Each structure stands twice: as C-alpha cells, then as structure tokens.
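Let me begin by presenting the structure, written as structure tokens, before commenting on it.
The values are calculated or read from the model by the stated rules, or taken from the named source; none is laboratory data. Here the structure is a predicted model, which means the values were calculated and not measured. Glycine also receives a Cβ, built like all others from the backbone with ideal geometry; neighbour counts cover every protein chain displayed. Heads up: the accessible areas ignore ligands, DNA and RNA and are worked out on the full protein's heavy atoms, side chains in. Shrake-Rupley method; radii C 1.70, N 1.55, O 1.52, S 1.80 Å.
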Amino acid sequence: MTSRKNASGHKRSGKEALVSFFKQIGAQHSVDKLTFVCIGTDRSTGDALGPLTGSYLAERGFKHVVGTLPEPCDATTLMQRISRIPADHIVIAIDACLGSSVDIGTYICRERPLVPAESVKGELPAIGHYSIAGVVNANGPKPYTLLQMTSLHLVMNMARELAEAAQEGFRLQTGSAGSQMLNVCNTGFLDPC
C-alpha cells in the first residue's frame, strides 16, 4: 500500500481519465515492452487492488503482468518478482493507498515511481516508470485495520475499471475464445482449469 502523502500527482476519477493516462503512455511505448507490476495481497480487502487488477489485465490479454490473485506481488515476493522484468521494459506500477474520505475511489496517476508499503512503514524500493495509486479507503491511525475494513465491492470495481481503461487506452483487442480461456485459467477465476 502506497502512502497518499507521497503519492501526489494528477488525481483522476472515472474510466475516461484513466484511458487518457494509458493513451499517453501508449503514444510513447509499445504495449509489448510494458510490464504491469500490480502490488498487494489477496489477504487484505483493501490491499487486493493490485492482484485483482493484475488478474483482470491478464484476462484481457496483457502479456506482461506481475502480481495476480494466484501469484500476488507483495512485500515478501516483490524483489524476486521485479528482478525478472526485462531491462528494456517500461514498468507501470499499481498499488492501493489510503487518502482523504473525499478521494476514495479516485486514482493518483504519475509519470514516476511509487513506493510500496510506505504508509505502513515498509522498506521497499520505489518502482515503476509510471504509477497509479488507487485510493481505497480513508487514512487513519491504524492502516492495517482500515485495509481490512475496506469495501470489497469498491476494490473490485476499481480493479475492473483500471483493467478496462488499460485495454481501451492501449487499444488491446481481446484474443480468440481459446486464448481468453487460457488467460482466465492463468488468473484463477475458473476452477475447471
């Protein structure tokens, strides 16, 4: 979870604003050379924004996604996972953050890295050429408790909105039915896989 105080950037709400941010990135970089690093864990409702978004991105056909529900990119796995990203890739980091109550449901989009786990006094390196911090709840004295009490409905909607905006912004076409099933299997959304 990123710190809101250090997540200053352009506050955006709604899918259209996110699409615009992704279009800006797409105008400068090929989607084949992008890696999404979706930070968080599925063990905390609020901090699940990253792995939910990662799963939705993979489901929509993005090839380079680190951090999904089956394989979260959290404090214990982050360093190992990012060490495998090709050096020539542009990284878009996505994480949850806490902010003011009026900002819940908005996104802080920046053309610079974010620092994961900063608001809970973690010591992880800054990551990303671009970053998006999603404000999932209001800040307070006990961030871990606040993350546990965050609305799953809100987090799922924000993750879906991020993935849809990325797909539209990068003009990524969903693949054939067979590749869609493969992507769904890889993200863990269906049991039969």
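Working carefully through the options GLU59, GLU71, find the one that is open to solvent by 30 Å² or more (accessible area, probe 1.4 Å), within 15 Å of ALA163 (Cβ to Cβ) and touching a helix residue (DSSP H, G or I) at 6+ places or on another chain (Cβ under 9 Å). Steps first, please.
On the way: GLU71 fails: within 15 Å of ALA163 (Cβ to Cβ).
Matching residue, one of GLU59, GLU71: GLU59.
Evaluate segment 25-35: report whether one residue or more is part of a helix (DSSP H, G or I), hydroxyl-bearing (Ser, Thr, Tyr) and either modelled with pLDDT of 95 or more or in contact with a Cys (Cβ under 6 Å, 6 or more places away or on another chain) (or both).
Here is the first cut: in segment 25-35, the residues part of a helix (DSSP H, G or I) are 25-28, 31-33.
Imposing the further condition that a residue be hydroxyl-bearing (Ser, Thr, Tyr) reduces the set to none.
No, that holds for no residue.
Quick check, is LEU162 more than 17 Å from GLY54 (Cβ to Cβ), outside any strand (DSSP E or B) and open to solvent by less than 30 Å² (accessible area, probe 1.4 Å)? Break it down into steps so the answer makes sense when it comes.
Numbers: more than 17 Å from GLY54 (Cβ to Cβ): no; outside any strand (DSSP E or B): yes; open to solvent by less than 30 Å² (accessible area, probe 1.4 Å): yes.
Answer is no for this residue.
Restricting the first residue to segment 146-162 and requiring it to be charged (D, E, K, R), which pairs with a second residue that is crowded, with 21+ Cβ neighbours inside 10 Å meet a Cβ separation below 6 Å and a spacing of at least six or different chains?
Going by the 6 Å Cβ cut-off, the qualifying pairs are ARG160/TYR56.
Restricted to segment 127-159, and to residues that are part of a helix (DSSP H, G or I) and open to solvent by less than 20 Å² (accessible area, probe 1.4 Å), which residue is modelled with the lowest pLDDT?
If we filter segment 127-159 for residues that are part of a helix (DSSP H, G or I), which is where we start, we get 143-148, 152-159.
Those still in the list that are open to solvent by less than 20 Å² (accessible area, probe 1.4 Å) too: 147, 155, 158-159.
Working: LEU147: 86, VAL155: 97, MET158: 97, ALA159: 98.
Restricting to residues being part of a helix (DSSP H, G or I) and open to solvent by less than 20 Å² (accessible area, probe 1.4 Å), the top hit is LEU147.
Keeping to segment 78-92, report how many residues are surrounded by 12 or more Cβ atoms within 10 Å (Cβ to Cβ) and of a type in the set (D, E, K, R).
Number of matching residues: 1.
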